[in-house]
Amino acid sequence: MDRDKILLTPGPLTTTLRTKLAMLRDWGSWDSDFNDVTARVRRSLLKIIHGQDTHVVVPLQGSGTFSVEAAVATVVPRDGHVLVLDNGAYCKRAAKLTSMMGRRCTVMAFDEAAQVSPVALEVKLTADASVTHVVLIHCETGAGVWNPLQEVADTCEKYGKGLIVDAMSSFGALPIDARETRFDALVAASGKCLEGVPGMGFVFIRKAVLAGCEGRSQSLAMDLHDQHAYMERTGQWRFTPPTHVVVALAEAIAQFEEEGGQPARLARYTQNYRTLIHGMSRLGFMPFLDPAVQAPIIVTFHAPGDSRYEFRAFYAFARERGFILYPGKLTQVETFRVGCIGAIGPNEMEQAVQAVALALEDMGIASGEPAI
Ligand SMILES: *Cc1c(COP(=O)(O)O)cnc(C)c1O
């Protein structure tokens, strides 16, 4: 089969041929042609959140986690106190990196099948005045929960707390408007809902907090204040840029805009999600989350109850048919995940369901119905 496998994963994900073709050229890192691309990407990114007047955007080399780490280290003072609202694996990662950056960190635990609670946050902020910043994962990719960004942002604003949002798997698809939602920093990356290739992240920082960030980072390479200052001064990245990733992102953003921007992307992913849910329920599968808290980004399904089920074999049989599934990331129940994002539509989702049906057949399993 010479067609690339369809990646039903939360990044890297399936990209268009046009995006891939953008990577066929070499670019000099200080050449004006390349600097123009960087500038164009930064302008387009700011437009997506309507942050042209209030925010800057700072690109950073590396996977998405690099940018989360850089955001925490740049925005939170060394004697700051970070409260992480934890309803899943990516929240735990954010808490871990915050502690490793030497910032005091408190984790507020929530059920991984539920949204984090703005009311509980308010109670906590009333009780503990030492908290300086809150970390929220917008779409918790671990289970797929859509967390209440607006309410959390409003609560942080009310109590004068900084807010750092990991919007990695939501940016470009779920609505985020910097004019209505107050945050200090918001982090996303090239290889998620913008449908670029992986290799760089970017952090929106509110202009009002940017000046205060000078000298906070204990890391040279991850200092976003420095990266921003250098980029403003020279138009260049401070250190070797991921040139091919940047030009691919520029091409991906052009297609994003042609498609109709964030509303159109959300509409397509929602169609993907519905197609998937309908198809999988025909096969007996049960989603892990209540649809009321489910983002149309990635869906966690209970594993089939049949004793012949085993994820590795299931994965291999679906892979043979051209579809890459994703293992579950929950601690209590056995699950697997299917992403709805990437340069795919309902046709690919129908085919994915068909591949899953055949994988079950291969394993001699009559139904995807879970044990519970
Ligand atoms: C993908 C993702 C990240 C970043 O993961 P990397 O593997 O470092 O790219 C961070 N947070 C969330 C919520 C994600 O979905």
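The values are calculated or read from the model by the stated rules, or taken from the named source; none is laboratory data. The structure presented is a predicted model; accordingly, all values stated were derived computationally and were not measured. Cβ atoms come from the backbone with ideal geometry, glycine included; neighbour counts cover every protein chain shown.
General observations
- Options ASP184, ASP223: the member that is of a type in the set (D, E, K, R) and under 12 Å from VAL58 (Cβ atoms): ASP223
- Checking ILE277, ILE297 one by one, the residue that is at pLDDT 95 or above, over 17 Å from the mean Cα position of the chain (by Cα) and not polar (S, T, N, Q) is ILE277 and no other.
- Among the residues of region 336-353, the one identified as free of Cβ contacts under 8 Å to residues at least 60 places away in the same chain and surrounded by fewer than 22 Cβ atoms within 10 Å (Cβ to Cβ) is ASN347.
- Selection from region 164-176 of residues that are among the hydroxyl-bearing types (Ser, Thr, Tyr) and either in contact with a His (Cβ under 6 Å, 6 or more places away or on another chain) or more than 16 Å from the ligand (Cβ to nearest atom) (or both): SER170
- Residue check for GLY201: touching a residue at least 40 places away in the same chain (Cβ under 8 Å) and either of a type in the set (Asp, Glu) or within 16 Å of the ligand (Cβ to nearest atom) (or both): yes
- For region 281-302, taking the residues that are among the small types (Gly, Ala, Ser) and surrounded by fewer than 20 Cβ atoms within 10 Å (Cβ to Cβ), the one that is farthest from TRP146 (Cα to Cα) is identified as GLY284.
- Cβ pairs under 8 Å, 6+ apart, first in region 1-25 and in contact (Cβ under 8 Å) with a residue 24 or more places away in the chain, second of a type in the set (Ser, Thr, Tyr): ILE6/THR14; LEU7/THR14; LEU8/TYR326; THR9/TYR326; PRO10/THR141; PRO10/SER169; PRO10/TYR326; GLY11/SER169
- Any chance SER170 is buried (at least 24 other Cβ atoms within 10 Å of the Cβ) and either of a type in the set (A, V, I, L, M, F, W, C) or at pLDDT 95 or above (or both): yes
- Considering residues of region 1-19 that are more than 16 Å from the ligand (Cβ to nearest atom) and of a type in the set (Val, Ile, Thr) only, the residue farthest from ALA189 (Cα to Cα): ILE6
- Taking helices (runs of 4 or more DSSP H) as the structural unit, those lying wholly within region 20-130 and holding at least 3 residues that are within 16 Å of the ligand (Cβ to nearest atom) and out of contact with any Cys (no Cβ under 7 Å at 6 or more places or on another chain) correspond to 64-75, 89-100.
Every residue, every condition in (1) within 13 Å of the ligand (Cβ to nearest atom); (2) of a type in the set (A, V, I, L, M); (3) in a loop (DSSP other than H, G, I, E, B), yes or no:
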{"position": "ALA178", "(1), (2), (3)": "no, yes, yes"}
{"position": "ALA188", "(1), (2), (3)": "yes, yes, no"}
{"position": "GLU195", "(1), (2), (3)": "no, no, yes"}
{"position": "ALA208", "(1), (2), (3)": "no, yes, no"}
{"position": "LEU220", "(1), (2), (3)": "no, yes, yes"}
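- THR141 being in contact (Cβ under 8 Å) with a residue 12 or more places away in the chain, within 16 Å of the ligand (Cβ to nearest atom) and touching a helix residue (DSSP H, G or I) at 6+ places or on another chain (Cβ under 6 Å): yes
- Any hit, region 282-297, residues being within 24 Å of PHE171 (Cβ to Cβ), touching a residue at least 60 places away in the same chain (Cβ under 8 Å) and β-branched (Val, Ile, Thr): yes
- When region 144-163 is limited to residues that are more than 12 Å from the ligand (Cβ to nearest atom) and β-branched (Val, Ile, Thr), the one that is surrounded by the fewest Cβ atoms within 10 Å (Cβ to Cβ) turns out to be THR155.
- When we screen ALA248, ALA229, ALA252 for residues that are assigned to a helix (DSSP H, G or I), out of contact with any Phe, Trp or Tyr (no Cβ under 9 Å at 6 or more places or on another chain) and over 30 Å from VAL353 (Cα atoms), the only hit is ALA229.
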